[in-house]
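What follows is a short report on a single structure.
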Amino acid sequence: MGNLTTFYFSRLLGCDIFDARENILGSISDVWVQVPPHTDDEAARPKIAGIIIKSGGEKRHVQFTDLQIVKFGTKYKVQCQSLHDVQPELFADGMLLKANILDKQIVDITGRKLVRVNDIRMVAISNGAYAIAVDVGIEGLLRRIGIEIPIKFMVSLFKGRIPSKYILWDDIEAIDFSNLNIKLSKTYSKLHTLHPSDVADIIEELGKSSKTTVFSSLDVEKAADVLEELKDHEQVHIIENLSVEKAADVLEKMPANEAADIIDRLENKRAEELLKEMKKETSDEVRELLEYPNTKVGSLMSTDVLSFNQHSTVEEVLLHIRQQKPDMELLYNFFIVNSKERLIATVSLRDLLISEPASPLKNIMKKKPVSVYDDDPLDSLAEIVSKYNLLAVPVIYENNVLAGMVVVDDILEDLIGKRRTK
Amino acid sequence: MLKRNNRRRLFRNITLFLAILGPGIITGSVDNDAGGITTYSVAGALYGYNLIWTLIPSFIVLLVIQEMNARMGIITGKGLADLIRENAGVKITFFIFIGLLLADIGNTTTEFAGVAGSMEVLGVSKYISVPLVGAIIWILVVKGNYKIAEKVFLIFSLSLLVYVVSAIMGKPHWGEIGKAIIKPEMKMNTTTLTMVLGIVGTTIAPWMQFYMQASVIEKGLKIKHYKFVMIDIIVGCVATVVVAFFIMVACASNLHDNGIVINEAKDAAMALKPLAGNISSLVFAFGLFIASIFSATILPLATAFYVCEAFGFEAGIDKKWNEAPEFYNLYTIILVLAVCIILLPNAPLIGITLWTQVINAMLLPVVLICMIVLVNDKKIMGKYVNKPVTNIIGWASIILLIGLSLLLLLTPLFKK
């Protein structure tokens, strides 16, 4: 017997809780934890701040002072000094270890995937009890089922070891708050540090309600990147469940061709609502792209391009790029158009970088560029890209006016998609 | 604006349906696996047309349960294993999945027995057919493309309709069939009861619930697709029952009338030869072969998937071996075990079938109760909780099934 330093949450559940005079107050049915507000950021670990006690079929939400956890064999004795009831609503701030963590899926930030929590490792020190890590290994599973000790013994006979796996609290993000009745806008700050395609993979595996909550928590820029990486039907699900305003904001941040793809898959009414909500400039572009059937170049084209006049100098162009800070894709290829917006040449980023700042584009541009018409079949693209080693193919209308470009990433994605459905 | 959407609305509706099509029909087809065909054949040979009526309650219960699964999958986007783990805790989950694992190893074994049996009709030794089929299935899933395989299976499942041919060639007495459905002649004794249970039990197996819900999620279906999903489920259930009906008819009109007793589906195929002709026999064996391969592929795969899902391991055939080692190891172990058991000389097949049925019978009530509690939980299902009618049919089915399962478990005790 003695003060114990570390313990498992699963063994705490169902324990009786005693007051200072050794009276049983009830059994522990859940534990409320809160991340202390003033920490030095180093280890922001959730501290036990309250308990849900079950006594005689009734549930009490309580706070207490001086919590002590003492070990008796495999059972724990929990004792506290003063105890007072609080409003259940209070517990919505922070989280409940059983309702939100135990047996639930959480994000393993380092492993960039969803894992299921088998147990929670906790520690009690003089100023309180904290959750320090989640147990996601087989050992935790066996402990929960209650066959850890015999199995460990049997395995040790064969000189084996049962793998145990813990993830520190700093490296996890809890996701499922659906059991809390009050809808709070939870922030998933750790999740936001992941790459958009990792976030997308995680969102795809979540339950439907968590999907939308997690996605809504992303800022618009990140949300657009993540949306782009999601599978087709997941994109539709997300857009259908966001508010029209938020959905429109996110779609505006996406390349017009991607936005058009998503809108094309929505119901007409919803699509029209979104297009009205979006900035006119963007929605006009999207509407134009929507007119193309899926088999034509136009449906894949991005109307966002950098085009210049042949008399501009290299320096002017670089300055423009520096000011505009365009997306990477826009730098794949630059286009030279004449006064009637007709495509006459292309300039690559390499040409720009190795040329004298004062030289006009006219001197470095490649005339008679390879291009495709907006209503050419999609199939022609892959061949052109590989034959001419292009990162982006200019797309022109029948009258040679520059319509946009198709970038190699989208062509590749289209090809992979086709192979998958074949 | 969005003109082409309007233009293509009809086309879209059709493609949408074809895209949604699958979960119900595939689940229904896997239902008529080697074990199912055996049960229906034996019932037909033993009782003639007199047990055909059991297909009607089976159909209703199957429909109600699958609808609940589909609805849960659509609303929550979570697998049944996930939901049970999160809401019922680790111990119940563990009990269900150990049972499911054992039962499915047994089921997979009976599928390979089906492969062995059907090939023996054609004169191919089981020592050749079973390892070969096992290897093909393993390669198909681990190295190949399951999406393609699934489509092939959908077409395959159509071929189960060969039993219609087999039945009609036996010149059944339609009048008697009608009379037997309305007013069956049967003695209520333990053998009959076991047979009735066998038919209901083989139609509604616990693993199906997990499979059905997972495939609904995999398809990314939404509540607005509900109508199509229902059509899919109804088509699947009708197909299941129709195939079962014709198997029973085929065996009843040929074997029962001639007083031939059989123990295995293979026996039925063999016995059909002198009575209904070579083609009828071959057709029967072909159906058995297709059904066995179909289920032998899906069963181990599905089992490995739920077990990993419930216990938090990475799972799914879109993952690579080193990304989801537990999943692939489990899948391989189930497959290898099943193949090895069949290859044992004097494999205790009847014992395995019986024990599989017993485990299934024990699991089914637990799974169904978890299901109906979950589907009525407002926190999980929101406004899509069960309607009173569904609940009445649901609970009635559960109580009936529990009663029947208990009877099945206790019957052997009274026999001795």
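Looking only at segment A:219-232, decide whether some residue is assigned to a helix (DSSP H, G or I), closer than 30 Å to B:GLU309 by Cα, facing chain B (nearest Cβ under 10 Å) and touching a residue at least 12 places away in the same chain (Cβ under 8 Å). Yes, segment A:219-232 contains at least one residue that is assigned to a helix (DSSP H, G or I), closer than 30 Å to B:GLU309 by Cα, facing chain B (nearest Cβ under 10 Å) and touching a residue at least 12 places away in the same chain (Cβ under 8 Å).
From the list B:LEU335, B:LEU363, pick out the single residue that is open to solvent by less than 30 Å² (accessible area, probe 1.4 Å) and under 30 Å from A:GLY111 (Cβ atoms). Going through B:LEU335, B:LEU363 in turn, the sole match is B:LEU335. Number of residues in segment A:83-93 that are crowded, with 17+ Cβ neighbours inside 10 Å and not in a strand (DSSP E or B) equals 1.
Within segment A:311-345, the residues that satisfy the criterion of being within 26 Å of A:ASN257 (Cα to Cα) and open to solvent by less than 20 Å² (accessible area, probe 1.4 Å) are A:VAL317, A:ASN333, A:PHE334, A:PHE335, A:ILE336, A:VAL337, A:ALA345. Within segment A:347-370, the set of residues being within 37 Å of the chain's Cα centre (by Cα) and under 19 Å from A:SER302 (Cβ atoms) comprises A:VAL347, A:SER348, A:LEU349. Search segment A:202-218 for residues being within 8 Å of the chain's Cα centre (by Cα) and away from chain B (no Cβ under 12 Å), and hand back the single one that is surrounded by the most Cβ atoms within 10 Å (Cβ to Cβ). My answer is A:PHE215. Contact map, segment A:137-162: first residue within 10 Å of chain B (Cβ to nearest Cβ) and part of a loop (DSSP other than H, G, I, E, B), second residue open to solvent by 30 Å² or more (accessible area, probe 1.4 Å) and of a type in the set (D, E, K, R), Cβ cut-off under 7 Å, separation 6 or more or different chains; pairs are A:GLY137/A:LYS165. For segment B:114-133, give me the residue count where each residue is farther than 18 Å from B:LEU160 by Cβ, of a type outside the set (Asp, Glu) and part of a helix (DSSP H, G or I). Number of matching residues: 8. Checking the structure you have, find out if any residue of segment B:400-415 is modelled with pLDDT of 85 or more and aromatic (Phe, Trp, Tyr). Checking segment B:400-415: not a single residue is modelled with pLDDT of 85 or more and aromatic (Phe, Trp, Tyr). Scanning segment B:201-214 for residues that are more than 14 Å from every other protein chain (Cβ to nearest Cβ), open to solvent by 10 Å² or more (accessible area, probe 1.4 Å) and closer than 30 Å to A:VAL236 by Cβ turns up just one, B:TYR211.
Answer yes or no as to whether B:ILE372 is under 28 Å from B:ILE262 (Cα atoms), modelled with pLDDT of 85 or more and buried (at least 17 other Cβ atoms within 10 Å of the Cβ). Against the criterion (under 28 Å from B:ILE262 (Cα atoms), modelled with pLDDT of 85 or more and buried (at least 17 other Cβ atoms within 10 Å of the Cβ)), B:ILE372 does not qualify.
Restricting A:LYS280, A:LYS246, A:LYS253 to those that are open to solvent by less than 50 Å² (accessible area, probe 1.4 Å) and away from chain B (no Cβ under 12 Å) reduces the list to A:LYS246. With respect to the conditions (1) within 16 Å of the chain's Cα centre (by Cα); (2) buried (at least 19 other Cβ atoms within 10 Å of the Cβ); (3) within 30 Å of B:PHE305 (Cα to Cα), B:ILE234 falls short on a single one, namely (2). The condition (being touching a residue at least 24 places away in the same chain (Cβ under 8 Å), out of contact with any Pro (no Cβ under 6 Å at 6 or more places or on another chain), surrounded by fewer than 24 Cβ atoms within 10 Å (Cβ to Cβ) and within 14 Å of another protein chain (Cβ to nearest Cβ)) is satisfied by just one residue among B:ILE60, B:ILE98, B:ILE74: B:ILE74. Among the residues of segment A:245-257, those that are in a helix (DSSP H, G or I) and at pLDDT 85 or above comprise A:GLU245, A:LYS246, A:ALA247, A:ALA248, A:ASP249, A:VAL250, A:LEU251, A:GLU252, A:LYS253.
Can you tell me which residue is nearest to the other protein chains (Cβ to nearest Cβ) among those in segment A:283-310 that are open to solvent by less than 10 Å² (accessible area, probe 1.4 Å) and over 28 Å from A:ASN241 (Cβ atoms)? Of everything passing the filter in segment A:283-310, A:GLY298 is nearest to the other protein chains (Cβ to nearest Cβ). Being within 20 Å of A:ARG112 (Cα to Cα) and assigned to a helix (DSSP H, G or I) is a property that holds for A:ILE202. Among residues of segment B:167-200 being polar (S, T, N, Q) and assigned to a helix (DSSP H, G or I), the one that is least open to solvent (accessible area, probe 1.4 Å) is B:THR192.
The values are calculated or read from the model by the stated rules, or taken from the named source; none is laboratory data. Just so it is clear, the model here is predicted, and its values are computed rather than measured. Cβ atoms come from the backbone with ideal geometry, glycine included; neighbour counts cover every protein chain shown. Accessible surface areas use protein heavy atoms only, side chains included; no ligands, DNA or RNA. Shrake-Rupley method; radii C 1.70, N 1.55, O 1.52, S 1.80 Å.
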